[in-house]
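Notes follow the structure.
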Ligand code: ZN
């Protein structure tokens, strides 16, 4: 793993919700052995608010791959386009993303939403490219039933380690940039509601009934944000 990816690394008792490396491994082994998909932790649980520990050899290669596969299945089952380890109770800087859902062309175009192949992100960090931003409704598997508008960078540069520990750099734009930013934020104790325009908050029923459109102009007018 690259040290440069973990500039804010700090000792066990101030990071990762106080869980040690051995504790993290125990949790993973127990999850893998249960034969069930782990429940998705909901907002209000402190693991979602604590900086997660960098992935740094706590797990064997086989355990790490099995954990990534478990997270992938959990994400599909939800269903969602991203899942961060804290969302299954693990204070570890690991997230999975994948967006291969079919959607109407009009929505895909407005939101710049194109297929994103499955990726496991270890110790990710992002930096905006330029000053362009995009504002759209988003939701979170850890805040079920709600959506709100979040302004995020239109393009960003993501630095992360792959499953073998190789340092990777990749640029993302459009909806994929939103997904990787949302998941990376999770690993630092941030939920989308922290960055949302709170006046835009809508439950799923209100959103479907009133504000479902490719953009956000109806909601912007009706909810006055
Ligand atoms: Zn989320």
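Things worth noting here:
- Of all the options 190, 198, 74, the one that moves most in a Gaussian network model of the chain with Cα springs shorter than 10 angstrom is 198.
- Calculated [222 nm] ellipticity per residue, helices only, for the chain: -8000 deg cm²/dmol; basis is -39500 (n - 2.57) per DSSP H run with n ≥ 4, divided by all residues, nearest 500.
- Gyration tensor (alpha-carbon) shape descriptor, the range 72-194, a/c threshold 1.5: rounded
- Highest-MSF residue in the chain out of 189, 139, 23 [GNM, Cα springs under 10 Å]: 23
- On Cα atoms only, tilt of 174-186 relative to the major axis of the chain in degrees: 50 degrees
Laboratory data are not the source of any read-out in this text; all were calculated from the coordinates shown. In this text, all values refer to a predicted model and were calculated from it rather than measured experimentally.
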